[in-house]
Amino acid sequence: MVLVPVCVVFASFLSPDSEIWQHLITTTLPGLLTNTLWLSLGVILGTSFLGVSLAWLTSVYTFPGSRFFSWALFLPLAIPAYVIAFVALGMFDYTGPVQTNLRHWFNSDLLWFPDIRSGPGVAVVMTLAFYPYVYLLSRDAFLTQGKRLLEVAQSLGFNRQQGFFRVVLPMARPWIVAGVMLALMETLADFGAVSIFNYDTFTTAIYKTWFGMFSLSTASQLASLLILIVLVIILTEQRFRLRMRFSESRKSTRVERIPLTGWKAVAATSFAGAVLFFAFVLPVVQLGLWAMHALEIGVDERYPEFAWHSILLSVLAALITCLVAAMLAYSVRIHSDRYTRFSVRLATIGYALPGAVLAVGIFIPMAWLDNLLSDWIEAITGAETGLLIQGTLVVMLAAYMTRFLAVSYFPLESALQRVTRSIDEAAAGFGVTGWRMLKTIYFPMLKSSLLTAATLVFVDVMKEMPITLMTRPFDWDTLAVRIFSLTSEGQWEQAAIPALTLILTGLIPIIFLVRHSET
């Protein structure tokens, strides 16, 4: 199911448009590659720094507000990157309230103020939107083994800093890399945030080629190049990690954390508070102000229906995707040959596809299958069935599974690194095999990662816009679709209401995850 839309996209190379490609190569392609490279590098560095440092602080140390920040830093997961983007522009652009007030107070042109409409500006916005992926997975690693490994390192003569960089950080690498890979693929496939900033990347080129030059085949060819880039990155990282081994260190809430005092405590609280403010508090407050003004005009009575559609799709997609991801991760464990590893890695590259291109890659074969089934049933029974698959949730759920399989696979794969072969052998020695082993051994050890994977998929489907917009049944809108309709008409204040509803709905699974993350 994953390869079908990918093959549809790659099949576009059978009919290349030489004129359009000549135009892209001579005018825009070098700039697209440069912009995409620098944006990806900026997000990798930014999310790694914020995610790992915040996860280490909240899982190992105590400081003023540490218990609050341990769960509050998950909250930006519920905010789409395009929401943070237009809030950032509305606040910090030249005509925004921040620069306007500063010019009034200082009576200056503010030539020193950084330009938010720039590559670094986009990288900062995406870092704030995507750092929770790294924070979530890194914190899971540090909670299970961080302080114990630090104590082992200190017993060997290392100080805390040396122990962190030489022992703890290498042992947490699978979780950190999994989070960074998710953030990177979100960056490569993002369209909303970069288009708001008018920052050209591969995704904006795909959309402009599709809707501006009316060449779906060229847009698909650009998307296929994006897939190849991500596949190379994934396989390269997997090759470096192939010979490494990681073991389980059981989590316990009785492990005392290290207290921070003095300026270190103030610095830790200020750092966590600043990240939370810019990534969550500021966007929500600004949306709240816009929503209050929009309430004076009136509220669409269909918002509960939009919210129910979003929740239903997210729950179904999370269940299906996590089930498939668990099967793939376990398959690699019991059949760790090169072909199986490559096949599974290939199955996770759908996350790099822009949503609209993936929607087309799913819709074309689904339409073919639908027509085939209709003709077959009509030939046998003589009854006209009409459309059986198109216009149903099946197409949407298939596209979601293809798009977000990597989101659920990486946490489960990382967690399986801890279930050593000796555990399987010990269980087999007691006669525990097959489904009983999965139920009594694997599931308890993977419970936290399963919750993490389900939460990530749930929230991502809640925020997903292009796939939902292009494959939904007639008059079956979601909160994301409603936000798109309003923002496309420039009704930013009206869009604040469904945006806030989307955020509040997405907070439910995040809070549920937090309640179980420390148990």
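Note on the range 456-480: residues that are in contact (Cβ under 8 Å) with a residue 60 or more places away in the chain and open to solvent by less than 20 Å² (accessible area, probe 1.4 Å) amount to 13.
Quick grid of which residues meet (1) closer than 26 Å to I206 by Cβ; (2) among the acidic types (D, E):
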| site | (1), (2) |
| --- | --- |
| E305 | no, yes |
| V315 | no, no |
| C322 | no, no |
| A325 | no, no |
| Y330 | no, no |
| H335 | no, no |
| L346 | yes, no |
| G350 | yes, no |
| L353 | yes, no |
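Among the residues of the range 93-132, the ones that are more than 24 Å from L276 (Cα to Cα) and in contact (Cβ under 8 Å) with a residue 24 or more places away in the chain come to 0 in all. Taking the conditions exactly as written (over 17 Å from the mean Cα position of the chain (by Cα), modelled with pLDDT of 85 or more, under 30 Å from I497 (Cβ atoms) and buried (at least 17 other Cβ atoms within 10 Å of the Cβ)), does F63 satisfy them or not? Against the criterion (over 17 Å from the mean Cα position of the chain (by Cα), modelled with pLDDT of 85 or more, under 30 Å from I497 (Cβ atoms) and buried (at least 17 other Cβ atoms within 10 Å of the Cβ)), F63 does not qualify. Checking each residue of the range 113-132 against the condition of being out of contact with any His (no Cβ under 9 Å at 6 or more places or on another chain), among the polar types (S, T, N, Q), at pLDDT 80 or above and within 20 Å of I510 (Cα to Cα) gives at least one match.
For the range 421-432, the criterion of being in contact with a Phe, Trp or Tyr (Cβ under 6 Å, 6 or more places away or on another chain) and either within 18 Å of I79 (Cβ to Cβ) or not small (G, A, S) (or both) is met by none of the residues. Screening the range 379-445 for helices (runs of 4 or more DSSP H) wholly inside it with 2 or more residues that are of a type in the set (A, V, I, L, M, F, W, C) and within 25 Å of V180 (Cα to Cα) returns the ranges 393-416. Against the list (1) farther than 19 Å from I233 by Cα; (2) open to solvent by 20 Å² or more (accessible area, probe 1.4 Å); (3) in contact (Cβ under 8 Å) with a residue 60 or more places away in the chain, the condition R166 fails is (3). Taking each residue of the range 53-69 that is on the phi > 0 side of the Ramachandran plot and touching a residue at least 12 places away in the same chain (Cβ under 8 Å) and looking for partners that are open to solvent by 20 Å² or more (accessible area, probe 1.4 Å) and part of a helix (DSSP H, G or I) with beta-carbon atoms closer than 9 Å, six or more apart or interchain, yields G65/T269; G65/G273. Could you list, in sequence order, all residues of the range 306-356 that are outside any helix (DSSP H, G or I) and buried (at least 22 other Cβ atoms within 10 Å of the Cβ)? Correct list: T348, L353, P354. Restricting attention to the range 87-111, which residues are polar (S, T, N, Q) and exposed (fewer than 14 other Cβ atoms within 10 Å of the Cβ)? The answer is T95, T100, N101, N107, S108.
Just to be sure, is L451 within 27 Å of the chain's Cα centre (by Cα) and surrounded by fewer than 24 Cβ atoms within 10 Å (Cβ to Cβ)? When the stated conditions are applied, L451 passes them.
Each row is one residue, and each column tells you yes or no for (1) in contact with a helix residue (DSSP H, G or I) (Cβ under 6 Å, 6 or more places away or on another chain); (2) of a type in the set (S, T, N, Q); (3) open to solvent by 60 Å² or more (accessible area, probe 1.4 Å).
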site: A367; (1), (2), (3): no, no, no
site: S374; (1), (2), (3): no, yes, no
site: A383; (1), (2), (3): no, no, no
site: L388; (1), (2), (3): yes, no, yes
site: M401; (1), (2), (3): yes, no, no
site: L412; (1), (2), (3): yes, no, no
site: Q417; (1), (2), (3): yes, yes, no
site: I423; (1), (2), (3): no, no, no
site: T440; (1), (2), (3): no, yes, yes
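Residue selection: D140 fails the criterion of being outside any helix (DSSP H, G or I) and touching a residue at least 60 places away in the same chain (Cβ under 8 Å).
The values are calculated or read from the model by the stated rules, or taken from the named source; none is laboratory data. Remember, it's a predicted structure, so these values are computed and weren't measured experimentally. No Cβ is skipped: glycine too gets one built from the backbone with ideal geometry, and neighbour counts run over all protein chains shown. The accessibility values were calculated without ligands, DNA or RNA, using every heavy atom of the protein model including side chains. Shrake-Rupley method; radii C 1.70, N 1.55, O 1.52, S 1.80 Å.
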